[in-house]
Amino acid sequence: MIRDFKALVERALSLGRKTIAIGAADDAEVIEAVRDAAALGLADAILVGDRESILAKAGETGLPASARIVDIADRTAAALEAARLVRSGEADLLVKGALNTSDFLRAALDKEKGLRAGGLLSHFAAFEIPGEPKLVFASDGGMVVAPELEEKRQIIRNAVGALHRLGIAEPKVAILTANEQVNPKVRATVDAAALVEDWKAGAFPSCIVEGPIAFDVATSAESAKRKGLESRIAGDTDLFIVPSIE
């Protein structure tokens, strides 16, 4: 099981060196990540963007010998070209550079050059928290603004599938709400109860889903005990499904 970012990098290294395509790559932190990835043997990079700006951001340290630049000054066009490189198989992964997330997503979803593959595109975040024994994950905190019930189903499927690929055989999933009571006036609690019923019916295999569940219970077995709640995931949650982007 992958318990920290070091183990995550080791797993990625075991899959072989990849190529990343970066849209609007004139970003100092992205360039630093490119250097780190090359030094680790993790990935090579195609930096799409304004050549002069990219070289200026790279500074005296410069770029790894394996990196190449595709000179496109317009950032929207650079994002589209980076997406096309992945779609065509010239690169394996698409990375956001110095542009707004909305512009990046428009490129990723472009019908002609983007990465549409059917189904819902959702955001999936990993956190390494000091003092915690394992990574924790959350979805969706960046793409689906106010998911309806069917979108929440797809978000869970996407995220649980990702966790399975990371070696977590039976992820513990918390459908977060303000409290554990189903209240018709609070749609998130109604949705959470419906999602748990879906799980019981086999809609989300190889995981444990609980909800509605508040953050304190999901993160603390002691909180569950104080509230008189029985839980299989309290204090040991792998995945937090949030009710909205906030």
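The values are calculated or read from the model by the stated rules, or taken from the named source; none is laboratory data. Just so it is clear, the structure is predicted and the values come from calculations on it, not from any experiment. Glycine also receives a Cβ, built like all others from the backbone with ideal geometry; neighbour counts cover every protein chain displayed. Side chains included, ligands, DNA and RNA excluded: accessible areas come from the protein's heavy atoms. Shrake-Rupley method; radii C 1.70, N 1.55, O 1.52, S 1.80 Å.
If a residue has to be assigned to a loop (DSSP other than H, G, I, E, B) and either open to solvent by less than 70 Å² (accessible area, probe 1.4 Å) or of a type outside the set (Gly, Ala, Ser) (or both) to count, how many in region 123-139 make the cut?
Residues flagged as assigned to a loop (DSSP other than H, G, I, E, B) and either open to solvent by less than 70 Å² (accessible area, probe 1.4 Å) or of a type outside the set (Gly, Ala, Ser) (or both) within region 123-139 amount to 9.
Looking at (1) assigned to a helix (DSSP H, G or I); (2) out of contact with any helix residue (DSSP H, G or I) (no Cβ under 7 Å at 6 or more places or on another chain), find the lone condition where Gly16 falls short.
So Gly16 meets the others, but not (1).
Here are some residues: Ala77, Ala56, Ala37, Ala73. Which one is open to solvent by less than 20 Å² (accessible area, probe 1.4 Å) and modelled with pLDDT of 95 or more? I'd like the intermediate steps shown before the answer.
Values: Ala77 fails: open to solvent by less than 20 Å² (accessible area, probe 1.4 Å); Ala56 fails: open to solvent by less than 20 Å² (accessible area, probe 1.4 Å); Ala73 fails: open to solvent by less than 20 Å² (accessible area, probe 1.4 Å).
From the options Ala77, Ala56, Ala37, Ala73, the qualifying one is Ala37.
Condition first: surrounded by fewer than 17 Cβ atoms within 10 Å (Cβ to Cβ), in a helix (DSSP H, G or I) and not small (Gly, Ala, Ser). Now tell me which residues in region 211-238 satisfy that.
Answer for region 211-238, where residues must be surrounded by fewer than 17 Cβ atoms within 10 Å (Cβ to Cβ), in a helix (DSSP H, G or I) and not small (Gly, Ala, Ser): Phe215, Asp216, Glu222, Lys225, Arg226.
What are the pairs, 6+ residues apart or on separate chains, where a residue within region 108-137 that is touching a residue at least 40 places away in the same chain (Cβ under 8 Å) has its Cβ under 8 Å from a residue that is of a type in the set (Phe, Trp, Tyr) and crowded, with 16+ Cβ neighbours inside 10 Å?
Final answer for the pair search is Ala126/Phe137; Val136/Phe240; Phe137/Phe124; Phe137/Phe240.
One line per residue, one yes/no per condition, for (1) modelled with pLDDT of 95 or more; (2) in a helix (DSSP H, G or I); (3) not hydrophobic (A, V, I, L, M, F, W, C):
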| position | (1), (2), (3) |
| --- | --- |
| Glu81 | yes, yes, yes |
| Val95 | yes, no, no |
| Leu99 | no, no, no |
| Leu121 | no, no, no |
| Gly141 | no, no, yes |
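To keep it simple, each residue is scored yes or no on (1) part of a loop (DSSP other than H, G, I, E, B); (2) among the aromatic types (Phe, Trp, Tyr); (3) touching a helix residue (DSSP H, G or I) at 6+ places or on another chain (Cβ under 8 Å); (4) loosely packed, with under 14 Cβ neighbours inside 10 Å.
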site: Ala178; (1), (2), (3), (4): yes, no, yes, yes
site: Gln181; (1), (2), (3), (4): yes, no, yes, yes
site: Thr189; (1), (2), (3), (4): no, no, no, no
site: Ala194; (1), (2), (3), (4): no, no, yes, no
site: Val209; (1), (2), (3), (4): no, no, yes, no
site: Phe240; (1), (2), (3), (4): no, yes, yes, no
